[in-house]
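*Asks:* Please see the structure below; I have some questions.
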Amino acid sequence: MKNNTFEEIWDKLEKSKKILMSLHPKPDGDSLGSCTALKYALEKEGKKVTLISNDEISENLMDFRFTKEVNFGKNFDDYDLKDFDALIFLDYGTLKEYPEKIRNKEFPKGLVTINIDHHDTNGYFGKLNYVDKDSSSCCSVIFNLFKKAKVDFDKEICKRLLLGICTDCCWEFVLTPILENMEIL
């Protein structure tokens, strides 16, 4: 299995206008952080990004303001995929829990699928793939993508990426009190 380059992926994202992205099933801090960081960066570039999650997120993550950017209770069946230029999967080890049309890759012609992940179970199911099995989190991979694309690391992007990096490293019990004290929740 082969990775595409960050440049190939960023180039495709720059050419896309309407993007659909979903948190993975039973979303955690890494799913929330990586998806909302990428959504934020793409919207600064003028893209329209729809972020969905079929499942609710844990109560301890609901205090983050950017959870309001996620359309909870929505899945791919709620959207006509023909309305989008790109479909992004972040932090997905597998597609086995998704609707049949997603698992079977029944995508409209012209819809590019981008898969960015850090799990060793990833099957490179996108048209464009970047899987770094040595990264501790998907947010770490997104951080490297942003560095390569020269994305501005403002306070908002850093908060979102930090959430995923810390929670995928099992520091969630430490992260919330630190962020509360920093008044960035």
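The values are calculated or read from the model by the stated rules, or taken from the named source; none is laboratory data. Model, not experiment: these values are computed from the prediction. A quick note on method: Cβ atoms are made from the backbone with ideal geometry, for glycine too, and the neighbour counts reach across all protein chains shown.
*Asks:* Looking for something modelled with pLDDT of 95 or more, of a type in the set (Ser, Thr, Tyr) and either outside any loop (DSSP other than H, G, I, E, B) or closer than 18 Å to residue 158 by Cα (or both) - is there at least one such residue anywhere in region 3-21? Reasoning before the result, please.
*Replies:* To start, the set of residues in region 3-21 that are modelled with pLDDT of 95 or more comprises 3-21.
Filter once more, keeping what is of a type in the set (Ser, Thr, Tyr): 5, 16.
Still in the list and also either outside any loop (DSSP other than H, G, I, E, B) or closer than 18 Å to residue 158 by Cα (or both): none.
The answer is no, given that none of the residues of region 3-21 is modelled with pLDDT of 95 or more, of a type in the set (Ser, Thr, Tyr) and either outside any loop (DSSP other than H, G, I, E, B) or closer than 18 Å to residue 158 by Cα (or both).
*Asks:* If you don't mind, there's one more thing I want to ask. With the structure loaded, tell me whether residue 142 is part of a helix (DSSP H, G or I), modelled with pLDDT of 95 or more and surrounded by 19 or more Cβ atoms within 10 Å (Cβ to Cβ) or whether it fails that test. Show your work before the answer.
*Replies:* Working: part of a helix (DSSP H, G or I): yes; modelled with pLDDT of 95 or more: yes; surrounded by 19 or more Cβ atoms within 10 Å (Cβ to Cβ): yes.
Here the answer is yes, as residue 142 does meet what is asked.
*Asks:* Same structure again: Hey, can you tell me all the residues within region 24-48 that are touching a strand residue (DSSP E or B) at 6+ places or on another chain (Cβ under 9 Å) and closer than 20 Å to residue 95 by Cβ?
*Replies:* Result: 24, 25, 27, 30, 31, 32, 34, 35, 38.
*Asks:* From the list 109, 105, 150, exactly one residue is at pLDDT below 95, among the basic types (Lys, Arg) and out of contact with any strand residue (DSSP E or B) (no Cβ under 8 Å at 6 or more places or on another chain). Which is it? Spell out how you get there, then give the answer.
*Replies:* On the way: 105 fails: out of contact with any strand residue (DSSP E or B) (no Cβ under 8 Å at 6 or more places or on another chain); 150 fails: at pLDDT below 95.
109 is the lone residue from the list that is at pLDDT below 95, among the basic types (Lys, Arg) and out of contact with any strand residue (DSSP E or B) (no Cβ under 8 Å at 6 or more places or on another chain).
*Asks:* Applying the selection to region 49-72, what residues are without any contact (Cβ under 8 Å) to a residue 24 or more places away in the chain, touching a strand residue (DSSP E or B) at 6+ places or on another chain (Cβ under 7 Å) and of a type outside the set (S, T, N, Q)? Walk me through it before giving the result.
*Replies:* So the first thing to find is which residues in region 49-72 are without any contact (Cβ under 8 Å) to a residue 24 or more places away in the chain, and the list is 56, 59, 62, 68, 71-72.
Still in the list and also touching a strand residue (DSSP E or B) at 6+ places or on another chain (Cβ under 7 Å): 56, 71-72.
Within region 49-72, 56, 72 meet the criteria.
Residues checked against (1) within 25 Å of residue 153 (Cα to Cα); (2) out of contact with any Leu (no Cβ under 8 Å at 6 or more places or on another chain); (3) aromatic (Phe, Trp, Tyr):
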position: 33; (1), (2), (3): yes, no, no
position: 36; (1), (2), (3): yes, no, no
position: 56; (1), (2), (3): no, yes, no
position: 64; (1), (2), (3): yes, no, yes
position: 70; (1), (2), (3): yes, no, no
